[in-house]
Amino acid sequence: MKVAVVGATGLVGSEMLTVLAERNFPVSELIPVASERSKGKEIEFKGKKYKVVTATEAIALKPDVALFSAGGSTSTEFAPQFAEAGITVIDNSSAWRMDPSKKLVVPEVNGDVLTADDKIIANPNCSTIQMVVVLKPLHEKYKIKRVVVSTYQSVTGTGVKAVDQLMNERQGVEGEKAYPYQIDLNVIPHIDVFQENGYTKEEMKMILETNKIMGDDSIKVTATTVRIPVIGGHSESVNIEFENEFDLADVRAALEAQEGVIVVDNPANLEYPMPKDAHGKDEVFVGRIRRDETQPKTLNLWVVADNLRKGAATNAVQVAELLKAKNLI
């Protein structure tokens with residue numbers, strides 16, 4: 001298949017190339033796409049070199065599928081042009097996620113919603129993806145009433161500039177800043193822009209996207225999203241209230257049976273998920289599984305995943321794999 005990666009020179013774009021290679025997606029020709037200023041740069045993929053082209057040039061090359069990770073404005077402008085040319089777009093930006101006419105897909109959770117008519121498919125927010133993979137089997141078994149989530153998010157979610165800021169600060173070097181404050185030896189309870197209701201856009205993404213992906217608006221979600229001086233993955237403290245009573249052994253069994261989830265939960269041996277262990281992996285790790293003793297039918301979990309992989313690149317490639325398996329591309 002001819003595969004275009006739009007935003008191929010960015011953090012997520014380069015991770016998409018890595019994941020395509022690792023998962024042996026059938027790429028007969030790669031079309032790396034970036035902005036005008038990166039045009040002509042060479043990108044290596046599976047031992048071959050490919051020249052970076054612009055989005056307009058890529059459309060003319062007629063790829064079968066285009067993985068977008070170049071920001072909302074690029075997606076808003078070019079995704080419809082790709083779709084118009086018959087190219088299926090899987091978009092990692094927030095541009096199309098809440099568009100009622102577009103599907104928002106995590107393959108293990110709601111991959112069955114995809115059809116041949118879906119030409120622009122939205123990849124959810126990184127922090128939402130890892131949470132819904134864990135929520136799915138529990139919702140099916142016990143019906144979720146309410147979720148309270150606090151996140152501990154990696155600087156890689158912001159991009160190269162943020163990683164550079166963290167490393168510069170750690171070494172005492174002056175440099176460009178991605179954040180309004182120091183991030184090393186600090187946490188910043190502010191991801192994306194603040195909304196009128198006092199929540200950040202990241203928090204609202206988690207709330208709204210969860211309902212859309214789970215296909216259930218009755219699930220109440222409230223979120224606090226926080227940036228921490230870590231690379232490797234996002235972590236989440238998740239408190240879940242159910243309609244029905246649960247047994248902890250059954251909860252563990254349901255999570256262990258869920259595709260894409262690895263349970264790491266043995267406090268006696270100090271075993272629990274951490275970003276350094278999730279780094280470079282495609283699975284979602286869950287641990288610290290325990291009952292909330294302050295109210296009935298309520299569970300606490302700790303969820304960790306590599307935000308550049310399952311939170312972005314891997315999920316997009318898995319959507320492409322699913323489309324191919326269903327003969328939709």
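The values are calculated or read from the model by the stated rules, or taken from the named source; none is laboratory data. Source: prediction; values computed, not measured. In this analysis, Cβ positions are derived from the backbone assuming ideal geometry, glycine residues included, and neighbour counts consider all displayed protein chains. Remember, those area values only see protein heavy atoms, side chains included, never the ligands or the DNA or RNA. Shrake-Rupley method; radii C 1.70, N 1.55, O 1.52, S 1.80 Å.
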Scan the stretch 226-252 residue by residue and report those that are of a type outside the set (D, E) and either open to solvent by 30 Å² or more (accessible area, probe 1.4 Å) or out of contact with any Phe, Trp or Tyr (no Cβ under 9 Å at 6 or more places or on another chain) (or both).
P229, V230, I231, G232, S237, N239, N244, L248, A249, R252
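Output the strands (runs of 3 or more DSSP E) that fall wholly within the stretch 1-92 and possess 2 or more residues being surrounded by fewer than 14 Cβ atoms within 10 Å (Cβ to Cβ) and out of contact with any Gly (no Cβ under 9 Å at 6 or more places or on another chain), or say none.
Filter on the stretch 1-92 gives 42-45, 48-51.
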In the stretch 253-295, anything open to solvent by 80 Å² or more (accessible area, probe 1.4 Å), part of a loop (DSSP other than H, G, I, E, B) and touching a residue at least 24 places away in the same chain (Cβ under 8 Å) is listed as E259, Y272, H279, K281
What are the pairs with Cβ atoms under 7 angstrom where one residue, in the stretch 160-171, is not assigned by the TED database to the domain that holds A70 and the other, located anywhere, is small (G, A, S)? Sequence gap at least six, or different chains.
K161/A178; A162/A178; D164/G175; Q165/G175; Q165/A178; N168/G175
Restricting the search to the stretch 186-204, which residues are open to solvent by 60 Å² or more (accessible area, probe 1.4 Å) and part of a strand (DSSP E or B)?
F194
Scanning the stretch 93-109 residue by residue, those open to solvent by 20 Å² or more (accessible area, probe 1.4 Å) and assigned to a loop (DSSP other than H, G, I, E, B) turn out to be S94, A95, W96, M98, D99, P100, S101, K102
Does at least one position in the stretch 168-178 carry a residue that is of a type outside the set (D, E), surrounded by 18 or more Cβ atoms within 10 Å (Cβ to Cβ) and either under 22 Å from the mean Cα position of the chain (by Cα) or assigned to a loop (DSSP other than H, G, I, E, B) (or both)?
no
Matching residues in the stretch 110-126 - criterion: being open to solvent by 20 Å² or more (accessible area, probe 1.4 Å) and under 30 Å from D250 (Cα atoms)
D112, V113, C126
Of the residues in the stretch 217-242, those that are touching a Lys or Arg at 6+ places or on another chain (Cβ under 9 Å) and within 22 Å of L104 (Cα to Cα) come to S218, I219, K220, V221, T222, A223, T225, G233
I'm told G287 meets every condition in (1) out of contact with any strand residue (DSSP E or B) (no Cβ under 6 Å at 6 or more places or on another chain); (2) modelled with pLDDT of 95 or more except one. Can you identify the failing condition by its number?
(1)
Contact list please: Cβ distance under 7 Å, first residue in the stretch 124-146 and at positive phi, second residue surrounded by fewer than 23 Cβ atoms within 10 Å (Cβ to Cβ) and not acidic (D, E), pairs at least six apart or on different chains.
K143/F242; K143/N244
Of the candidates I207, I213, I183, the one satisfying the condition of being of a type outside the set (D, E), more than 16 Å from N125 (Cβ to Cβ) and open to solvent by less than 70 Å² (accessible area, probe 1.4 Å) is I183
Note on the stretch 127-166: residues of a type in the set (A, V, I, L, M, F, W, C) and open to solvent by 70 Å² or more (accessible area, probe 1.4 Å) are V160
